[in-house]
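The values are calculated or read from the model by the stated rules, or taken from the named source; none is laboratory data. Owing to the predicted nature of the structure, the values given are computational and were not obtained by experimental measurement. Cβ placement follows ideal geometry from the backbone for every residue including glycine, while neighbour counts extend to all protein chains displayed. Please note that ligands, DNA and RNA were not included when accessible areas were found on the heavy atoms of the full protein model with its side chains. Shrake-Rupley method; radii C 1.70, N 1.55, O 1.52, S 1.80 Å.
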Amino acid sequence: MGPMECAPDDWGKMFWVETRIALQHENCFEQVLPPRPRSIGKDQQELPVRRHFCHQNPDIFPLSPSTWRKTPFRQDPSQLSIVEKRGLVIPKQHSSYLIKADQMKLMMQSKKASSRMLISNFLKASHCLYPLKIKYVDNDPEINMWKRKRLQDLIGSLASSVEQEQVYAAQALGCLGETNELVLSALQNALQVCRSLPVRYEVTRSLVLLGCLEAAVVRELIGQLKRGSPMRRMDMLAALRVALHTWAAAPEFQRMLVAARSRLIQILEQLASSQGPTDDSSFSAAACLAYLDSSNPTARETLQRCLVLEDRKMKMQALILLVRYMKIASATIIQALLDQLCHSPVYKYRADSASLLSCIGLWRIQQEDLEDEVFMVLLEKLHCEPFLVVRQTVAMTVEVLHMKEQVWDIVENRLKEKCKVTRRQAVASLGALGLPNKQVFFTLLEMLETDSSEAVRIQVIKTFSILGMNKRHVLKSLLMKVDPKGPLGRECVKALRGLQKSPSTQRDPTLRDYEISQEVVTGVSPLASCVLRAGR
């Protein structure tokens with residue numbers, strides 16, 4: 001009979017459990033300590049060996065990992081391990097100068113972040129030739145959480161009883177540029193409920209700046225334009241100009257309806273014609289009219305009067321509105337674009353003027369009998385312009401106006417002129433246009449070796465560097481002329497550094513890949529041979 005059957009009562013159960021625990025402890029000590037030798041006599045009988053339980057027998061459970069191993073185990077005597085050793089890297093203590101420099105850097109970053117909310121930055125983006133919509137995206141969840149909290153605090157401040165808090169909240173919501181439904185509904189509710197004139201003005205301005213041109217907003221906007229002070233009228237027109245620029249840049253099927261459009265156009269016409277074209281409010285009203293109605297005669301007359309002004313900035317803005325948005329191309333506008341391209345001190349205005357000429361097209365230029373004049377101005381700007389970006393924009397305009405083949409022929413003939421100035425100008429033009437054929441490439445290589453003018457040879461090196469021609473023949477010719485003492489050698493060093501760093505994907509797309517059948521390898525140094533192999 002087993003031990004369970006011998007203990008029918010509770011006392012027997014307790015005695016059995018204690019006995020079993022003692023036996024288990026005894027077995028554990030037997031496994032750890034080595035067995036003591038016993039002398040068994042003849043008259044003594046061997047006691048039966050106690051068997052282990054299933055959880056104490058390693059042969060039964062758990063199984064050895066070698067049971068599932070398919071390959072034989074090879075123990076590596078030097079096992080890799082991670083050891084933590086502290087004190088190997090000593091943190092560098094910043095000096096007081098570095099700490100102050102970091103603080104100044106943080107202050108400049110905060111000022112830069114705060115300056116993004118100014119309306120002048122929005123106007124700067126609206127003056128560009130191509131509409132740009134800059135949106136800063138932060139994927140950090142913590143930053144997004146603080147943004148949502150900031151918006152909730154500002155929305156709560158709109159319902160405050162303090163007028164200054166409401167004004168600040170309306171201004172901040174307009175500058176943040178968040179156009180979600182929660183912000184727009186809070187501003188619209190504040191416009192309906194609040195009776196304070198400063199608060200209503202700031203709420204209306206923020207709604208216009210966010211692109212909300214519904215009936216109630218446009219009604220309040222018209223009231224502000226009619227009864228507001230000149231400073232507030234100018235600020236409201238600036239906000240409307242930003243909103244209408246975004247509206248006009250979108251495709252027609254994506255544009256939202258502007259409520260009370262005819263009434264708004266009537267008020268803007270009165271503002272545009274009431275004062276001279278030099279007035280900022282009159283010009284802003286004309287710009288808003290150009291966005292709303294591209295065929296408006298008042299806007300066209302006001303903007304065309306700006307073309308005779310000395311202010312280059314206002315003149316360039318008027319040209320962009322007339323050509324790009326109102327689709328007007330007259331002889332006066334083309335002459336004004338050529339004047340900007342030749343005499344404007346701002347390189348961005350010169351580049352925009354060249355781009356606007358490509359927007360007008362060759363057919364309209366031919367109708368005004370200005371093809372020869374435009375051709376000569378573009379041909380001259382290909383080499384006399386100091387900025388490469390303007391020269392490349394002029395080269396793109398030449399290609400759009402289908403004048404590139406004619407320009408290539410003229411430039412190729414000028415490479416053979418006796419005047420060194422003419423040859424240098426032709427080489428500079430090829431740096432913006434690209435190479436037309438194989439013969440021009442060989443001509444430039446020959447000029448780099450044999451031309452009598454050092455200025456022409458330097459210009460050839462600059463052209464190779466601009467076009468990204470890192471072929472082995474060009475690199476070999478440059479390596480042979482490396483000399484830090486002379487201007488030609490220094491230009492070769494700069495060109496080699498640029499050509500070796502620029503990959504083939506960054507080369508000019510108009511450049512064609514030319515190979516020379518016979519390879520000249522005489523007199524090449526080890527460094528030159530390495531560069532030649534790299535150029536291949």
Gyration tensor verdict on region 167-292 (Cα atoms; rounded if a/c is under 1.5, prolate if a/b is larger than b/c, oblate otherwise):
oblate
For Arg255 and Glu301, what does the FRET efficiency come to when R0 = 22 Å and r is the distance between their Cβ atoms, rounded to the nearest 0.05?
0.30
Between Ser452 and Glu178, what is the spin-label point distance in nm, taking each point 7 Å from the Cα along the Cα→C-beta axis?
7.4 nm
Region 227-325, accessible surface, carbon-and-sulfur percent (1.4 angstrom probe)
50 percent
Give me the one-decimal nm value for the distance between modelled label points at Glu371 and Glu214, 7 Å along each residue's Cα-to-Cβ direction.
5.5 nm
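For region 258-302, just run the numbers: alpha carbon Rg, then divide by 2.2 N^0.38 Å, N being how many residues it has. Mind showing how you got there, number by number?
Values: Rg = 9.5 Å, N = 45, 2.2 N^0.38 = 9.3 Å.
With N residues counted in region 258-302, Rg over 2.2 N^0.38 Å equals 1.01.
Kindly report the accessible area of region 227-325 per residue (heavy atoms of protein chains, probe 1.4 Å, no ligands, DNA or RNA), in Å².
Working: 4550 Å² over 99 residues.
The answer is 46 Å² per residue.
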With labels modelled as points extended 7 Å from the Cα through the Cβ direction, what inter-label distance (nm, one decimal) is found for Leu309 paired with Lys348?
1.7 nm
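Does region 144-212 come out rounded, prolate or oblate, given a ≥ b ≥ c as the square roots of the eigenvalues of its C-alpha gyration tensor, rounded meaning a/c under 1.5 and, failing that, prolate meaning a/b above b/c? Intermediate results must be reported in sequence, preceding the final value.
On the way: a/c = 1.80, a/b = 1.29, b/c = 1.40.
Oblate shape, in that a/c is at least 1.5 and b/c is the bigger or equal ratio.
How much of the accessible area of region 414-501, probe 1.4 Å, is carbon plus sulfur, in whole percent?
Carbon with sulfur: 49 percent of the solvent-accessible area.
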Can you give me the Cα centroid spacing of region 429-506 and region 220-248 in angstrom?
55 Å
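Between rounded, prolate and oblate, where does region 340-434 land on the alpha carbon gyration tensor, with a ≥ b ≥ c its root eigenvalues, rounded for a/c under 1.5, else prolate if a/b exceeds b/c? Before the final figure, lay out each step's value.
Details: a/c = 1.99, a/b = 1.33, b/c = 1.50.
Oblate, since a/c reaches 1.5 and b/c is not below a/b.
In what sequence, highest mean first, do 453-466, 178-191 appear when ranked by Cβ atoms within 10 angstrom?
Details: 453-466: 20.7, 178-191: 16.3.
Order by mean packing, descending: 453-466, 178-191.
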Scaled to the compact-protein estimate 2.2 N^0.38 Å, what is the alpha-carbon radius of gyration of region 361-486, rounded to two decimal places?
1.13
Would you mind estimating how fast region 227-325 diffuses translationally, via Stokes-Einstein at 25 °C and 0.890 mPa s with the Kirkwood radius over Cα pairs, in µm²/s?
180 µm²/s
Let me know the whole percent of all Cα-Cα pairs from region 414-501 that are separated by more than 19 Å.
30 percent
